[in-house]
Amino acid sequence: MDIREVEKDILNDLKELEDTISQYTYLISCAYYCEELPEEYRQEQYLVKECQVNTWMHVSWQNDTCTILADSESLIVKGALALLQELYHGRTREEISDYQCALLEHEIFSKHFTAEQRQGLEGVIYKLKTT
């Protein structure tokens, strides 16, 4: 599935949850689907500096395909990381560089994330595009 189609599916899933509590619960539940981050990547060099809480991310490339491992001490941030993994994991450099992520701009993210949390997640996207 194209990266934009995946983003559209994620947003549609969130929109189907009509009330704020259901949306928040969904985002938290996504944390349990986040790819496991091995202990070796829980070091300062893998910290996402823009995040308020400890959030680690390791990006690697094999055959021009992106692999993302991430974790956060915040469950809601970890849930957002799982959604970003769903978008970016397995994509080529070209797909990622051509893609302008609109997920974090959606009102659902403004509702459930502070400006600082969104800034941290934008740092994650920046790191993905520049690694």
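Take the residues in segment 48-69 that are surrounded by 14 or more Cβ atoms within 10 Å (Cβ to Cβ) and without any contact (Cβ under 8 Å) to a residue 24 or more places away in the chain; name whichever of them is farthest from the chain's Cα centre (by Cα).
Filtering segment 48-69 for residues that are surrounded by 14 or more Cβ atoms within 10 Å (Cβ to Cβ) and without any contact (Cβ under 8 Å) to a residue 24 or more places away in the chain, the one farthest from the chain's Cα centre (by Cα) comes out as 54.
Could you give me the residue pairs with C-beta distances under 6 Å whose first residue belongs to segment 14-26 and is touching a residue at least 12 places away in the same chain (Cβ under 8 Å), whose second residue is of a type in the set (Val, Ile, Thr) wherever it lies, and which are 6+ apart or on separate chains?
If the second residue must be of a type in the set (Val, Ile, Thr), the pairs left are 14/108; 23/108.
Can you find, within segment 65-90, the residue that is farthest from residue 128 (Cα to Cα) among those that are acidic (Asp, Glu) and in contact with a helix residue (DSSP H, G or I) (Cβ under 7 Å, 6 or more places away or on another chain)?
Ranking the qualifying residues of segment 65-90, first place goes to 71.
Of the residues that sit in segment 33-47 and are hydroxyl-bearing (Ser, Thr, Tyr) and in contact (Cβ under 8 Å) with a residue 24 or more places away in the chain, which one is nearest to residue 78 (Cα to Cα)?
My answer is 33.
Checking the conditions here, which among 27, 17 is surrounded by fewer than 16 Cβ atoms within 10 Å (Cβ to Cβ) and touching a helix residue (DSSP H, G or I) at 6+ places or on another chain (Cβ under 8 Å)?
Answer to the selection: 17.
Which one of 104, 121 is within 24 Å of residue 19 (Cα to Cα), free of Cβ contacts under 8 Å to residues at least 40 places away in the same chain, part of a helix (DSSP H, G or I) and touching a Phe, Trp or Tyr at 6+ places or on another chain (Cβ under 9 Å)?
Answer to the selection: 104.
From 79, 90, which residue is surrounded by 14 or more Cβ atoms within 10 Å (Cβ to Cβ) and either modelled with pLDDT of 90 or more or touching an Asp or Glu at 6+ places or on another chain (Cβ under 7 Å) (or both)?
From the options 79, 90, the qualifying one is 79.
The values are calculated or read from the model by the stated rules, or taken from the named source; none is laboratory data. Since the structure is predicted, the reported quantities are computational estimates derived from the model, not experimental observations. Every residue, glycine as well, gets a Cβ built from its backbone with ideal geometry; the counts of neighbours run over all protein chains shown.
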